[in-house]
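Reviewing the structure listed below.
Values quoted throughout were computed directly from the atomic coordinates according to the rules given, and no laboratory measurement underlies them. Keep in mind the model is a prediction, meaning the values are calculated, not measured. Cβ placement follows ideal geometry from the backbone for every residue including glycine, while neighbour counts extend to all protein chains displayed.
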Amino acid sequence: MADEILNRTGEAFSPEDETQILDVIGRWLERDVVDKVMALEAADEYPHEMVERMKEFGLFGATIAQEYGGLGLPAATYAKIVTTISEVWMSLTGIFNSHLIMAAAVERFGTEEQKRRFLPRFATGELRGALALTEPNCGTDLQAIRTKAVRDGDDYVINGTKTWISNGIEGGCVALLTKTDADAEPRHRGMTMFVAEKGPGFTVSRKLKKLGYKGIDSAELVFGDYRVPADNLIGGAEGHGFHHAVGGLELGRINVAARGVGLANAALKEATAYSQVRETMGKPICQHQAIQLKLGDMATRCHAAKLLTEFAAKAYDSGERCDMEAGMAKLYASEAALENATECMRVFGGYGYSTEFPVERLYRDAPLMCIGEGTNEMQRIIIARQLIARNPV
Ligand SMILES: Cc1cc2nc3c(=O)[nH]c(=O)nc-3n(C[C@H](O)[C@H](O)[C@H](O)COP(=O)(O)OP(=O)(O)OC[C@H]3O[C@@H](n4cnc5c(N)ncnc54)[C@H](O)[C@@H]3O)c2cc1C
């Protein structure tokens, strides 16, 4: 049975498996997801059934190594899965992506004991979460965070507030970025990350209301004298949390790029199909050059975004530092999604503004990808810095 390919353990992943995996997911989307998205989206309802199915597929362990219970998929295959799902509903991918960047922080930087303790539970989706970096006073300037962790015996005591945390309500834990030395210079040397499981002192203070990206929960979290065992300090030594956070974001940016490709594709598909049936002046609007110019630009953006995303994912898989490549893919694909969603709305005319068609959802979902995992302003700066660093004079 094809579904088994997503559940197996102990076998090496072969490139031939990719088509089969995408096929299984494609059939699930067609059968169980497409027709339910509009209602769930409108109600901003968490898609519990779909999450259960994604657990069965193994998607919560997609990029976790097989020895820790994951599927061990290469980032390139993972990106294609994300694109395929995002063509139908981008929110679904946020539920496992935010989780997998938390898992990547543990897998890349955790001690062997931490990997064995957390990764198998992450991989099944039994314990889900996200990175908790952003605070009410800062997102881009992460080194300005104020959440404090103070050592007390075998524990750390944590106080502070995190905001915009994906999976914050439905999830059971977060990778929590804190300050263990508020006076350290440079500031990042005083930053430390913990795996923080829900318990006394870890409170969800509110669910945040959003323009789009509905279904997935975004929350404000308050830590009031929350105690976390020192054994949960990722890597075991203080002062490396900033590095852990930024390291996880490479995969996060590839994911956002892949989501952008999915959304840009969805907009192109909707616009093309509609333009072939909507008639004005006695012919389908796709025969007017003004519409053809839009479709031509949209299709070109889709293809360019896909190639940049594949390139970044391959660089990630080869173990190279790829912040420039992931940044370029994230920047281009998210802007492509935004432009294609806008153009799609124009092709639809008045119907593009109607909540009875999926087009307005694409228009509301797209801007998030220009903000999340580092704003596009910051991506441009990262790209330029790498460009300069790689060109010694
Ligand atoms: C739906 C949603 C889900 C999210 N999920 C998570 C999550 O799971 N975990 C998490 O930790 N965070 C999450 N975030 C937060 C997100 O990562 C931040 O919103 C983002 O990093 C930007 O930070 P900010 O909102 O504080 O904006 P700011 O940092 O205040 O930036 C405001 C503006 O100034 C620009 N800017 C800032 N500094 C510079 C500079 N040095 N040079 C040039 N321009 C600059 C920015 O590009 C932006 O245009 C989420 C956000 C949203 C909306």
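Gaussian network model of the chain, Cα springs within a sub-10 Å range: biggest mean-square fluctuation belongs to which of Asn376, Asn255, Asn97?
Asn376
I need the shape label for the range 106-160. Rule: rounded when a/c is under 1.5, else prolate if a/b > b/c, else oblate, with a, b, c from the alpha carbon gyration tensor. Write out the running numbers ahead of the final one.
Details: a/c = 2.31, a/b = 1.45, b/c = 1.59.
Oblate, because a/c is 1.5 or more while a/b does not exceed b/c.
In the chain, with Lys and Arg counted as +1 and Asp and Glu as -1 at Cβ, which of these residues, Ala184, Val195, Val393, has the Cα nearest the positive end of the dipole, that is, farthest along it?
Val393
Sorted by average packing, counted as other Cβ atoms within 10 angstrom per residue and highest first, what order do 104-114, 242-252, 215-225 take?
Numbers: 104-114: 18.7, 242-252: 21.8, 215-225: 20.3.
The peptides rank, most packed first, as 242-252, 215-225, 104-114.
Take every Cα pair under 8 Å in the range 129-241 that's 6+ residues apart, average their separations, divide by the length, and report that relative contact order as a whole percent. Let's see the in-between values first.
Working: 269 pairs, mean separation 35.2, N = 113.
Answer for the range 129-241 is 31 percent.
Using only the Cα atoms, what convex hull volume per residue in Å³ does the chain have? Walk me through the intermediate numbers first.
On the way: hull volume 57.3 nm³, N = 393.
Roughly 146 Å³ of hull volume per residue.
Calculate I(q)/I(0) for the range 243-389 by the Debye formula, one identical point scatterer on each C-alpha and no solvent, and give its log10 at q = 0.14 Å⁻¹ to two decimals.
Reported log10 I(q)/I(0), two decimals: -0.66.
Please tell me which of these pairs span more than 28 angstrom C-alpha to C-alpha: Lys198/Lys306; Lys55/Lys179; Lys55/Lys209; Lys80/Lys162; Lys115/Lys214?
Values: Lys198/Lys306 38 Å; Lys55/Lys179 33 Å; Lys55/Lys209 26 Å; Lys80/Lys162 31 Å; Lys115/Lys214 32 Å.
Listed pairs above 28 Å: Lys198/Lys306; Lys55/Lys179; Lys80/Lys162; Lys115/Lys214.
About the Cα centre of the chain, what is the dipole size in debye to 20, counting +1 per Lys and Arg Cβ and -1 per Asp and Glu Cβ, all else neutral? Walk me through the intermediate numbers first.
Numbers: 44 positive and 54 negative charges, 183 e Å.
Rounded to the nearest 20 debye, it is 880 debye.
So if I average 1/r over every pair of distinct C-alpha atoms in the range 129-241 and take the inverse, what Kirkwood radius in Å does that give? Let's see the in-between values first.
Details: mean 1/r = 0.0713 Å⁻¹.
For the range 129-241, inverting the mean 1/r across all distinct Cα pairs yields 14.0 Å.
With a cut-off of at most 14 other beta carbons within 10 Å, and DSSP calling the residue loop, which GluC sites (Glu not before Pro) in the range 300-393 qualify? Please list them.
Qualifying residues, ordered by number: Glu320, Glu356.
Going by the alpha-carbon gyration tensor, a ≥ b ≥ c the square roots of its eigenvalues, is the range 2-124 rounded (a/c under 1.5) or, if a/c is not under 1.5, prolate (a/b greater than b/c) versus oblate? Please report the intermediate quantities before stating the final value.
Working: a/c = 2.16, a/b = 1.43, b/c = 1.52.
Verdict is oblate for the range 2-124.
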